[in-house]
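See structure below.
The values are calculated or read from the model by the stated rules, or taken from the named source; none is laboratory data. Since this is a predicted model, take the numbers as computed values, not measurements. Here the Cβ positions follow ideal geometry from the backbone for every residue, glycine too, while neighbour counts run over all protein chains shown. Remember, those area values only see protein heavy atoms, side chains included, never the ligands or the DNA or RNA. Shrake-Rupley method; radii C 1.70, N 1.55, O 1.52, S 1.80 Å.
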Amino acid sequence: MPVLVDTDQVYLAKTTGVQIPGRFAPRDRIRLSGLLWPEARERWSETAYATREGRGSGQVVLFADTPNFRAYFHGGERMLLNAIFLGPGFGTNPSFH
């Protein structure tokens with residue numbers, strides 16, 4: 001899924017307890033268009049774009065950059081909406097009082 005990235009930060013996920021539904025492509029396929037410095041290609045290659053981790057009785061969904069920046073790519077919007085509307089029901093521990 002194409003995403004627009006405007007950051008120099010890279011996220012590396014722990015090996016246990018974290019699900020990675022979105023990952024950047026391998027170094028030879030990571031750029032769709034635009035300028036990509038060789039250092040950035042190496043740094044972002046196969047790192048996490050979106051992660052999900054259980055925290056307490058809830059969960060944290062983390063995106064490496066704004067997933068719906070100017071609504072440029074529809075895939076990022078769908079991931080964001082899934083995280084907002086479907087995320088609370090999956091992976092949380094409901095508490096009944």
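Computed quantities for the displayed model
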item: Residue of GLU42, GLU53, GLU77 that the Gaussian network model of the chain assigns the largest fluctuation, springs spanning Cα pairs under 10 Å; result: GLU42
item: Label-point separation in nm, ILE20 to GLU46, each point 7 Å along Cα→Cβ; result: 0.8
item: Size of charge dipole - the chain - debye, nearest 20, with Cβ of Lys, Arg +1 and Asp, Glu -1, no other charges; result: 180
item: Choice from THR47, THR66, THR15 showing the highest fluctuation, given a GNM over the chain with Cα pairs closer than 10 Å; result: THR15
item: The chain - accessible surface per residue (Å², probe 1.4 Å); result: 75
item: With every protein chain in place, the chain: carbon and sulfur % of accessible area (1.4 Å); result: 54
item: Full-extension gain in nm, PHE85 to THR7, via 0.36 nm per residue minus C-alpha separation; result: 25.5 nm
item: Nitroxide proxy distance, nm - points 7 Å out along Cα→Cβ at SER33 and ALA71; result: 1.9
item: Net charge of Cβ neighbours under 14 Å - reference VAL60; Lys, Arg +1; Asp, Glu -1; result: +2
